[in-house]
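What follows is one structure encoded as structure tokens, with my remarks underneath.
The values are calculated or read from the model by the stated rules, or taken from the named source; none is laboratory data. Just so we're clear, the structure is a prediction, and the values are computed from it rather than from any experiment. Cβ coordinates were reconstructed from backbone atoms using ideal geometry, including for glycine residues, and neighbour counts include every protein chain displayed.
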RNA sequence: GGGCGGCUAGCUCAGCUGGUUAGAGCACCUCGUUUACACCGAGGGGGUCGGGGGUUCGAAUCCCUCGCCGCCCACCA
């Protein structure tokens, strides 16, 4: 499977790396005679795409999506998709990606949407999808819930404000500290540790919440750490995940003081209403100061959650959302790795995978967006949800339930983008229909992807794939390095540190870029690409080109009846053996995703053995009077070049195809299992290696090297 | 607070399960325009393989420890 790139995306160096490796593997397997499907496609990328189009509308005339209305807006996004979406596919072609473009899919197309609805409905029937009212990570810029994974913890400078809350009976005060003063407007308790001697006397009594002027209880709970600060904690169930849990344990009221934009709502005192959360923060602090209740202001550095797309501070916010019971789906997905049904390459990524899967939280899958798969839930007048694959089915169920025809209203929300991408390995093959593609190409042989989406994507595919198909979605997961900029930061458009692979293709050719990426795809965490390196491999291509030209000039042509085993000249026997050794090493490397190893073997052999020694030593034979030796050398050189081109083809498809066209007639590309295959992979037996010839030529080389 | 990765020539990196004088590309120096290639050829300089211990006949490679750099995960007021 190709990880479907975002429809909004353009090819960056990470895609180039990832797709190059996939292409190498695909071509390699096709050459080995396998029917290798590489299915391309795109992800609708909910938030990202909606953001792009919304920005465009804003720039075009300050129109908001709400002004347009849902249908018009979604139509606009489809227009945008048709026009500018998927630029990346053309770019992939320029890179030489040999995808089967006839099978291209889009996560929002009809078939995939059917699969999404089916999965949703089935999980719901199994009780693994449910609706729940709890705190979510709320992005006030997009006014939508986001999942934990979409939250980025950033360290920022902030303050601890120490506030004094007077006891209700006037007998003293309790000091609490907070980094978010505005939330005190929604406090419903102060908590202390039950064994904290300083507070045992006040447990069960009340403080009067300043500003709001509301009495709230002092409760005993294990949550406060007596070692920290004053040991007393303000409890704001509506705006903090921990406090929410405390509130639940003590049946505290939950007072929400924010609206969808994180402005203060009418649950707060009138002078705060309508204020932005940060303005409110300032005002609360000023009020405490004026009241003489501000005990201390401490500078601090702490982590604050931000939306990964919007970049704004996200708020814990109490809403109704749909959740997947990920812990249940995770169990077989963990087992599949444990028992080796699926393996990670490199293996140590298992640790990361396990760590997350074993501590997995419910997955919030609903988004308050318009671009995406609308949730297949319809509500009756009493709020009862009917979850069915079609509106008609839901209507039928509803009518049955209410005993009469009842109008329903579909859920406004759409699903998290990753919900549909998680189905990609099988939904793209026609599932739930039992298609022949599904039978032939599922599960995927090797998934190649970056570690940045192990949780977002790989884990979800494992969970959903196993649950719905009964088998793992892929046998092997190769985690490639992430391309970063010079400072080690992830390349992103917003940071302006992207490197354009197309520019590199223009400057050095796709082959050189591909070969470089493959050579650098080792198991290290990140890749810092250098132009010099690409230049070096561009020269390598030229070297091969020239060597081929030299052979052609000397009448080296492929002889149909050439038998490498029967050459007699030691030089020829030697190069046949070296070629064989290289073929075996490259084959072994590729079988193991050893892209770097395979390119290195090829580079060394072609440049340092074939060009530097064989061609030089063969010159006298090619120009000499011994006709038999000349003919044998011509045929041998042609044979070696042929093998070289085959071995090199997956990494450098363009130059090899061009040279093939010049040097020999391979015949038209053959169809094999429905896929075009230009040439077979060379399988050379070890018997072609002649130690005696190796030794003999080795001595010659040594002698010349030493002058 | 957990987990993971990196630290090898000026730069970007290979060096897998430990074994001859530690490699490549680029950069640098010297020479070379003899019929594949100056996007080249021949030769050369340059590294106490992050520090310190240990295992071993032998370690860049295994173990321990420390130090930086970076990433991921995590609800600490």
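For region A:544-573, filtering for residues that are in a helix (DSSP H, G or I) and within 12 Å of RNA strand B (Cβ to nearest atom) leaves 10. Just one of the numbered conditions (1) crowded, with 16+ Cβ neighbours inside 10 Å; (2) away from RNA strand B (no atom under 16 Å from the Cβ) is not true of residue A:127: (1). Taken together, A:203, A:219, A:255, A:211 contain a single residue that is more than 42 Å from the chain's Cα centre (by Cα), closer than 28 Å to residue A:133 by Cα and either in a loop (DSSP other than H, G, I, E, B) or within 15 Å of RNA strand B (Cβ to nearest atom) (or both), which is A:219. Within region A:230-252, take every residue that is part of a helix (DSSP H, G or I) and over 25 Å from residue A:298 (Cα atoms) and give me the one that is nearest to RNA strand B (Cβ to nearest atom). Here the answer is A:245.
The single condition among (1) touching a residue at least 40 places away in the same chain (Cβ under 8 Å); (2) more than 16 Å from RNA strand B (Cβ to nearest atom); (3) in a helix (DSSP H, G or I) that residue A:149 does not meet is (2).
Here is the figure for region A:173-183: residues that are more than 10 Å from RNA strand B (Cβ to nearest atom) and in contact with a strand residue (DSSP E or B) (Cβ under 6 Å, 6 or more places away or on another chain) total 3. Here region A:177-200 is the region considered, the condition is being under 17 Å from residue A:240 (Cβ atoms) and part of a loop (DSSP other than H, G, I, E, B), and the residue that is farthest from the chain's Cα centre (by Cα) is A:188. Collect the residues in region A:378-404 that are touching a residue at least 24 places away in the same chain (Cβ under 8 Å) and over 26 Å from residue A:108 (Cβ atoms), keeping them in residue-number order. Once the filter is applied, which keeps residues that are touching a residue at least 24 places away in the same chain (Cβ under 8 Å) and over 26 Å from residue A:108 (Cβ atoms), region A:378-404 yields A:380, A:381.
Each residue in region A:432-461 was checked for being under 18 Å from residue A:480 (Cα atoms) and either more than 16 Å from RNA strand B (Cβ to nearest atom) or not in a helix (DSSP H, G or I) (or both), and 8 pass.
Being within 9 Å of RNA strand B (Cβ to nearest atom), in a helix (DSSP H, G or I) and under 26 Å from residue A:31 (Cα atoms) is true of residue A:541. Scanning region A:105-125 for residues that are part of a loop (DSSP other than H, G, I, E, B) and either under 30 Å from residue A:238 (Cα atoms) or in contact with a strand residue (DSSP E or B) (Cβ under 6 Å, 6 or more places away or on another chain) (or both) yields one hit, A:107. Within region A:291-302, one or more residues are under 15 Å from residue A:156 (Cβ atoms), under 33 Å from the mean Cα position of the chain (by Cα) and modelled with pLDDT under 95.
Applying a threshold of 7 Å to beta carbon distances and a minimum spacing of six or more residues, or different chains, the list of pairs starting in region A:504-533 at a residue that is more than 9 Å from RNA strand B (Cβ to nearest atom) and ending at one that is modelled with pLDDT of 85 or more and in a loop (DSSP other than H, G, I, E, B) reads A:510/A:96; A:511/A:652; A:514/A:96; A:514/A:651; A:514/A:652; A:515/A:651; A:515/A:652; A:518/A:651. Screening residue A:309 with (1) surrounded by fewer than 17 Cβ atoms within 10 Å (Cβ to Cβ); (2) more than 9 Å from RNA strand B (Cβ to nearest atom) gives one miss only, at (1). What about residue A:143, is it under 21 Å from the mean Cα position of the chain (by Cα) and farther than 30 Å from residue A:433 by Cβ? Against the criterion (under 21 Å from the mean Cα position of the chain (by Cα) and farther than 30 Å from residue A:433 by Cβ), residue A:143 does not qualify.
Condition check for residue A:102 on (1) more than 30 Å from residue A:10 (Cβ to Cβ); (2) in a helix (DSSP H, G or I): one failure, at (1). Scanning region A:335-377 for residues being in contact (Cβ under 8 Å) with a residue 12 or more places away in the chain, over 21 Å from residue A:445 (Cβ atoms) and either surrounded by fewer than 15 Cβ atoms within 10 Å (Cβ to Cβ) or within 15 Å of RNA strand B (Cβ to nearest atom) (or both) gives a total of 10.
Yes or no: region A:591-604 includes at least one residue that is more than 25 Å from residue A:19 (Cβ to Cβ) and either within 13 Å of RNA strand B (Cβ to nearest atom) or surrounded by 21 or more Cβ atoms within 10 Å (Cβ to Cβ) (or both). Yes, there is a match, as at least one residue in region A:591-604 is more than 25 Å from residue A:19 (Cβ to Cβ) and either within 13 Å of RNA strand B (Cβ to nearest atom) or surrounded by 21 or more Cβ atoms within 10 Å (Cβ to Cβ) (or both). Could you check, for region A:659-667, whether at least one of its residues is modelled with pLDDT under 90, in contact with a strand residue (DSSP E or B) (Cβ under 6 Å, 6 or more places away or on another chain) and not in a strand (DSSP E or B)? The answer is no; no qualifying residue exists.
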